[in-house]
Amino acid sequence: MLVRSVFAGFGGQGVLMMGYVFAMSAMREGRHVTYMPAYGAEVRGGTANCTVVVSSDEIASPVASSPDAAVVMNYPSLLKFQSSVRSGGMMFLNSDLISELPGRKDFELIQVPCNTLAHETGNDRALNMIMLGAVIKKTGAVSLDSAKEALAEIFAAKGEKVLDSNVKALIRGMEYVEGK
């Protein structure tokens with residue numbers, strides 16, 4: 001199993017956290033993982049992205065120049081990454097912020113209204129966990145249980161309320177793509 005992914009959006013959308021939780025979830029399952037964040041000088045409002053490679057075997061290169069899955073949370077990220085997704089791969093699109101569709105038709109497009117669903121769960125800041133739930137469900141790269149464990153570890157100091165809210169958003173994202 002090998003899944004090369006890129007998560008991209010504005011700083012402040014939780015893009016790096018999304019990739020980090022994905023990587024930590026895979027590590028909890030004993031997988032080989034690389035996580036490479038990249039962001040501009042001004043994080044909030046600037047661009048941010050990270051590459052996560054998850055594999056059952058050793059990883060030769062942490063670079064995902066042709067990712068299996070691209071998660072794009074804003075329009076500039078769509079422009080930057082739409083041409084790099086491998087043919088037959090997947091692109092996850094935050095349809096609340098991106099109305100224009102990619103010009104390519106050779107990959108699966110999964111549109112998720114992250115902002116709307118996060119608002120419905122009662123936590124507008126959890127749009128990243130909504131999207132991560134969709135990614136987990138569609139790729140099958142990690143289990144929900146591993147993601148919950150990773151979230152519990154990462155948010156341990158934030159308290160039970162923050163953890164519960166993020167787990168709820170993760171599950172809502174999974175349910176959304178399951179219902180499609």
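Things worth noting here:
- Euclidean distance of C-alpha centroids, region 128-180 and region 1-31, integer Å: 12
- The charge dipole of the chain, taken about the Cα centre with unit charges on the Cβ atoms of Lys, Arg (+1) and Asp, Glu (-1), comes to about 200 debye, rounded to the nearest 20.
- Assigned charges on the beta-carbon of Lys, Arg, Asp, Glu; region 111-180 dipole about Cα centre (debye): 160
- Helix-only CD estimate at 222 nm, as mean residue ellipticity for the chain, using -39500 (n - 2.57) per DSSP H run (n ≥ 4): -12500 deg cm²/dmol
- Rolling a 1.4 Å probe over the protein heavy atoms of the chain, with every protein chain left in place, gives an accessible area that is 51 percent carbon and sulfur.
- Relative contact order for the chain, counting Cα pairs under 8 Å that sit 6 or more residues apart, in percent: 21
- FRET efficiency for the Ser99 to Val63 pair, using the beta carbon distance and R₀ = 30 Å, is estimated at 0.45.
- Cα gyration tensor shape of the chain, rounded if a/c is under 1.5, else prolate or oblate by comparing a/b with b/c: rounded
- 22 Å Cα-Cα reach of Lys148 towards lysines, excluding residues that sit fewer than 8 places from it in its own chain: Lys137, Lys138, Lys158, Lys161, Lys168
- At a probe radius of 1.4 angstrom, the accessible area of region 15-174 per residue rounds to 46 square angstrom.
- Signed unit charges on C-beta, dipole axis of region 1-160, positive-most listed residue Cys50, Met18, Val142: Cys50
- Maximal additional length on extending the Asp145-Arg86 stretch stands at 18.4 nm, based on 0.36 nm per residue less the C-alpha distance.
The values are calculated or read from the model by the stated rules, or taken from the named source; none is laboratory data. In this text, all values refer to a predicted model and were calculated from it rather than measured experimentally. Please note: Cβ atoms are built from the backbone with ideal geometry, for glycine as well, and neighbour counts cover all protein chains shown. For the accessible areas, the whole protein counts, side chains as well, though only heavy atoms, and no ligand, DNA or RNA atoms are used. Shrake-Rupley method; radii C 1.70, N 1.55, O 1.52, S 1.80 Å.
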